[in-house]
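None of the figures in this text is laboratory data; all of them are computed from the coordinates on show. Computed from a predicted structure; not experimentally measured. Methodologically, a virtual Cβ is constructed for each residue, glycine included, from the backbone with ideal geometry; neighbour enumeration extends over all protein chains shown.
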Amino acid sequence: MEIQHSYCSACDQQVRIVVTPASAYSGQAPVADQPDVVCLDFGERCTGAMCPMIGLPRMLMGIRLARSGLRDEWQTFQAPCQSCGRNVDFEVIDANYAMCPSCHTRHRWLHLNVDEHAYLAIVDDTE
Ligand code: SF4
Ligand SMILES: [Zn+2]
């Protein structure tokens with residue numbers, strides 16, 4: 001897959017962009033059978049509300065990247081998925097959202113500190 005470099009005005013940096021083959025999303029709404037632009041540099045340095053590459057909220061690029069399987073390493077944590085019922089390693093998209101790798105549902109997650117112990121929890125907010 002060819003990687004192109006492009007300037008991201010939201011983050012004021014050069015970013016790596018790929019166009020995924022249509023088959024990568026086969027059967028998965030809402031991008032079924034469509035090639036997609038995916039930014040490989042979505043992450044900590046990506047702080048703008050809107051992504052200029054897709055003209056949509058940056059979160060959607062994070063979801064595209066997670067679904068594409070193009071990022072090797074995700075910060076993960078284990079929890080039961082309220083959508084598919086499996087115990088999975090959620091992939092952290094950003095400080096608010098994580099995605100189930102099994103059913104690709106996005107969930108809001110929380111970092112809780114209780115009695116000096118830290119917990120990661122999924123809250124019931126799916127999309
Ligand atoms: S995801 Fe969009 S806003 Fe974030 S770095 Fe990539 S191009 Fe820029
Ligand atoms: Zn799931």
Checklist outcome for this item: Residue-ordered couplings for the stretch 84-89, obtained by feeding phi - 60° into the Karplus form 6.51 cos²θ - 1.76 cosθ + 1.60 and rounding to whole Hz (Gly and Pro as x), are 9, x, 8, 8, 10, 8
Next on the checklist: About the Cα centre, and with charges only on the beta carbon of Lys, Arg (+1) and Asp, Glu (-1), how big is the dipole of the chain? Nearest 20 debye, please.
Outcome noted: 300
Item to check | Selected from 103, 80, 114, residue furthest toward positive end of dipole (the chain; charges at beta carbon) | outcome: 103
Checklist outcome for this item: Taking Cα pairs closer than 8 Å and at least 6 residues apart, the relative contact order of the stretch 75-127 in percent is 26
Next on the checklist: Distance between the C-alpha centers of the stretch 49-87 and the stretch 94-125? Whole Å please.
Outcome noted: 12
Checklist outcome for this item: Once amide hydrogens are built 1.01 Å from N within the peptide plane, the residues lying 5 or more places from residue 51 or on another chain with amide H under 5 Å from its amide H are 56, 58
Item to check | Relative contact order (%) - criterion: Cα under 8 Å, at least six apart; region: the chain | outcome: 14
Checklist entry - Once both axes come from the Cα atoms, what is the angle between helix 58-68 and the longest principal axis of the chain, in degrees from 0 to 90, rounded to 10? => result 90
Checklist entry - Under a plain spin-label model, where a point goes 7 Å from the Cα along Cα-to-Cβ, how far apart in nm are residue 94 and residue 19? => result 2.6
